[in-house]
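Note sheet for the following structure.
The values are calculated or read from the model by the stated rules, or taken from the named source; none is laboratory data. Please read these numbers as outputs of a predicted model, since none were measured by experiment. Note: ideal-geometry Cβ built from the backbone for every residue, glycine included; neighbour counts use all protein chains shown. Ligands, DNA and RNA are stripped out before the accessible areas are found, and what is left, the full protein with its side chains, is counted by its heavy atoms. Shrake-Rupley method; radii C 1.70, N 1.55, O 1.52, S 1.80 Å.
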Amino acid sequence: DDNVTNREILREQVRNWGCTSIEADNGFSAIQELRLAKKRNEPFAMVILDMMMPNMDGLEVDRRITADPELGTPPIIMLSSSSECIEVRKDSAIKIVLTKPARQSQLYNALVKLLSGQEEKPIPRSSTPSKRAIQSQERPTILLAEDNPVNQEVALQMLDVLELKADVVSDGRQALDALERHPYTLLLLDCQMPVMDGFQTIRSIREHEHRNPHLPRITVIALTAHAMASDRDNCLKQGMDDYLSKPYTITQLQDMLNRWLSPTQPSTEIERLPKQKMDSPTKIHSENRQPLDPAALDILRSMRRIGQPSTLVKVIRLYFDSAPNLVASIEYAISAGDSYTLRRAAHSLKSSSANLGAMQLADYCRQLESCGEQQRCVDALQLIASMKAEYAQ
């Protein structure tokens, strides 16, 4: 691949799966590396090849590889920016074609398929629409209602990895306006938002559906920072269909969406992602006393897609855009005895900190939020110093 960023992302992905790799930035260098590996009696197991490169494109590289027995003819995974499938010769070494940006799960499955000796010839251009085109017609559209910018970005990146289209709004009133404009399949609804919270929003949605029985009933998944059985019961009683406790993992989100989308739309089931990248951070956090949980950061890194900016970097920038103001708001609320502001600011900082793996900081914020809920600002004075010290870490 001639793009250095693409090579960097691919290198890190295959390294995380226990593979070693050698890179080439053009077709001529790739052929030379194949020839040297064959002479060392260390032939490559496969080639990941970009389609569009200067001087020699991917199809020409494939032609030269298959024409030269000294190169060993390893199977090729072709990466193409085109939405249509690549037409290849019958004797081609190209076994699988992936559309860029390729999902991590797609590349993982392609590697496993070829290493196990299976082959999957690309579909001829004239026979059927591409997989991506089919998905764009069949896949549901999702509305995310979430006011925290860090949580917004993490959720949108997860949905993007799952190849689901999503729009985002920042409060319940905006969610109602969006639902009037577009027939969304599913709503991910944060319970605590300004202007109109999740519970007010769901009541308005269900009342509107009751008055208009001809309208389809939208599936609503509550996003809540609590994990008690009573919280789930309250969400269901208010009219939500299910709930996710924050911070949730991409696997938990995937399972939730499959549970509610698949029964009536079998074709929408989301492809299973590689397990090792999707471990629940809550299990790791309980054993990890570092200021930041490396596993949580690795999960954010793993969501980066070829040719796209780093998810982790975007989330960190959003965090530091919002966190200083939230810390200041917490301090002000405690000094002013403002329980409402204390609860809101501590809740927001708790949620975004947890998404970045700052679990001790999130726990201090949880305790501060509890002080706000119970109107005990005086008790919060004992926590603020510990919270600020952990934030500095």
Can you list the aspartates and glutamates whose alpha carbon sits under 15 Å from that of Lys237, skipping same-chain ones fewer than 8 residues off? Glu207
Under a crude label model (7 Å from the Cα following the beta-carbon direction), how far is Val313 from Glu42 in nanometres? 3.1
Near Lys113, which aspartates and glutamates are there with a Cα under 18 Å away, not counting those fewer than 8 places off in the same chain? Glu271
Per-residue accessible area for Ser105 at 1.4 Å probe radius, Å² rounded to 10? 0
In nm, to one decimal, how far is the Glu163 label point from the Ala389 one, both placed 7 Å along Cα→Cβ? 5.0
Per-residue accessible area for Phe199 at 1.4 Å probe radius, Å² rounded to 10? 50
Summarise the accessible area of segment 295-369 (1.4 Å probe, protein heavy atoms) by the percent that is carbon and sulfur. 52
Largest first, what is the accessible-area ranking of Thr73, Thr66, Thr201 with a 1.4 Å probe? Thr73, Thr66, Thr201
Pairs of alpha-carbon atoms within less than 8 angstrom and 6+ residues apart define the contacts here; what relative contact order does segment 1-60 have, in percent? 33
Of the heavy-atom accessible surface of segment 173-260 (probe 1.4 angstrom), what whole percent is carbon and sulfur? 51
What does the net charge come to around Thr311 if you take all other residues with beta carbon closer than 10 Å to its beta carbon, with K and R at +1 and D and E at -1? +2
Calculate, for Asp68 and Glu23, the FRET efficiency according to 1/(1 + (r/R0)^6) with r their C-beta to C-beta distance and R0 35 Å; round to the nearest 0.05. 0.95
How charged is the neighbourhood of Leu383? Take every other residue with its Cβ under 11 Å from the Cβ of Leu383, and add Lys/Arg as +1 and Asp/Glu as -1. -1
Once the Cβ-Cβ distance between Ala328 and Gln374 is put in as r, and R0 is 35 Å, what FRET efficiency do you end up with, to the nearest 0.05? 0.95
Beyond a 30 Å Cα-Cα separation, which of these cross-linked pairs lie in this structure: Lys38/Lys90; Lys165/Lys246; Lys95/Lys246? Lys95/Lys246
For Gln152, net neighbour charge (Lys/Arg +1, Asp/Glu -1) across residues whose Cβ lies under 10 Å away: -4
Please list, or write none, the aspartates and glutamates whose alpha carbon is within less than 13 Å of the alpha carbon of Lys388, excluding same-chain residues fewer than 8 places away. Glu331, Asp363
